[in-house]
Every structure is written in structure tokens, then in C-alpha cells.
1. Checking Glu80 against (1) more than 15 Å from Ile16 (Cβ to Cβ); (2) in contact (Cβ under 8 Å) with a residue 40 or more places away in the chain, which test does it fail?
2. Taking helices (runs of 4 or more DSSP H) that do not extend beyond the stretch 156-234, which have at least 3 residues that are surrounded by fewer than 20 Cβ atoms within 10 Å (Cβ to Cβ) and under 20 Å from the mean Cα position of the chain (by Cα)?
3. Could you please let me know if Arg71 is basic (Lys, Arg) and closer than 22 Å to Gly140 by Cα?
4. May I ask you to list the residues in the stretch 118-150 that are out of contact with any strand residue (DSSP E or B) (no Cβ under 7 Å at 6 or more places or on another chain) and of a type outside the set (Gly, Ala, Ser)?
5. Only one of Ala47, Ala57, Ala64 is surrounded by fewer than 24 Cβ atoms within 10 Å (Cβ to Cβ), under 20 Å from Phe192 (Cβ atoms) and at pLDDT 95 or above. Can you tell me which?
6. For the stretch 134-155, enumerate the residues that are touching a residue at least 40 places away in the same chain (Cβ under 8 Å), under 26 Å from Leu217 (Cβ atoms) and not in a strand (DSSP E or B).
Amino acid sequence: MTPDPLFDLTGKIALITGGSRGLGLRIVRAFAERGADVIIASRKLDACEAAAEEVRALGRRALAVSVHAGRWAEMDRLVEIAYAEFGRIDILVNNAGMSPAEPSHQVSESLFDSIMNLNFKGPFRLASQVAKRMADGDGGVIINVSSNAALMPMPAVVPYAGAKSAINAMTVSFAREYGPKVRVNTLSPGPFLTDIANAWTEEARQKSNNALGRPGLPEEIVTAALFLASPASSFTTGAVIRVDGGH
């Protein structure tokens, strides 16, 4: 497809964690369709390779990397692999995460640590290392994917809501720390009908307690991600962009 001039990512290098499925995969496709080469990182290499093949079919370069996005050393390894292959990263989308619901009094220490590691520690390490390189180079854009749970915490997801709240705070801090050459924003989705929704009730798939009365369609996240990734948002940094149907 011919990129819209507002959302033209031709020649850009994008790294997307959790890019092999769900909203991450939709963002991978959207960026590649608009000219970006893409590094796709998640735990399952075969799923990353499948997404990479889609990107290559569009005539773009793609690299699949298997990593655990909650581990400090693996984030460092991902950075080294990405820069060795492409020489730079122009756009980072910190998308990997998990949101298990568990009554708070039943949350084990290991579950607590797993949620915090994947949703905050790993993204912090990755974003900080990429932001420093961007700031020392030609600049870039970082998009941290959060959740409406950080803005409206709900029962039984306290560690997740806490980790995503930390992501929101990190976005503001990094925008100031690594600006003006690096723009850092938060994309805050509500419920979306991705593969995770297969486990929902039929009612939850049809209705949601938000202003629009429904969950989002996966393609409805794409325009917000393109806005934040492209020069169309050149005066937007440290912001939380809510795509949640009006929660």
C-alpha cells in the first residue's frame, strides 16, 4: 500500500516486543505496510518467524528474535542483536506483557515478581538502553504500551495495575530525561478483541462497560500507534493516549 504522508515510516527501523500476536502483531503489520523494517521479539521463535515472513512478503526486512521480555540480561541481548543487524532503532514499541487476574490475598511472590518483571522491569531496561542510544544518535520514538487498568485499577489485578502505573510514570520521566531528541509516549488500550478474547464470555465479547459500550477491534489500535510512531505526533511526548472506548 502507498503510505499516507502523515504516517510514512519508509526507511525506519522498528523494534516491537510481544510482536508475534495480538495488538503487537497488528502494529508490526501496520508499520511494515507503511515502509518500516521490523524486529519482532517474543518468547516463541516460530511465531516471531511467521510474523517476520509476513513483513518480508511486503518487501521489508524483518528479524525474529526469541527473548523473555521480563529478564534484564535478555533485554540487553535483544538490544545488541538489533543494533548489530540494523545499526539503529528508530521506533521502539514496548508491548510485551501479561495480566493474570488473581485475588490479591492469593498472589504468590513468584507470580508477583513475574508480573512486575514482564510489565515493568524488562520494559524499563529495554527502553532505557534504546533511549540512550537514540539520544546519542539521530533520535527516535518510544511507545510504551500500558493499560486502562493503570488509570482505573480494578480488583484482582493489583500487581498488573501497579506495573502499568509505573510504565506511565516511566514514560513521563524518560520523555524529560532523553528529550528533545527522543519522544516517549504511552499507548493505553482498553479491552480488545484479539486472541486473548477467545477465553471471554460471549457477553464480554459483545459489550463493555465503557462509553462506546463494546470492546475494541484490533485494527482500532493501529491509527494511534501510527500517530505516535510518526512525525504526525512531533509535538507529543510524555503523553498517555487512551484507546479504550471511553472507560
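The values are calculated or read from the model by the stated rules, or taken from the named source; none is laboratory data. Worth saying up front: this structure is predicted, and the values here are computed from it rather than measured. Counting neighbours? That spans all protein chains shown, and the Cβs are built from the backbone with ideal geometry, glycine included.
1. (2)
2. Numbers: elements: 158-178, 202-206, 222-229.
Hits in the stretch 156-234: 158-178, 222-229.
3. Details: basic (Lys, Arg): yes; closer than 22 Å to Gly140 by Cα: no.
Here the answer is no, as Arg71 does not meet what is asked.
4. Within the stretch 118-150, Leu118, Asn119, Phe120, Lys121, Phe124, Arg125, Gln129, Lys132, Arg133, Asp136, Asp138 qualify.
5. Numbers: Ala57 fails: under 20 Å from Phe192 (Cβ atoms); Ala64 fails: under 20 Å from Phe192 (Cβ atoms).
Exactly one residue qualifies, and that residue is Ala47.
6. Passing the criteria: Ser146, Ser147, Asn148, Ala149, Leu151, Met152.
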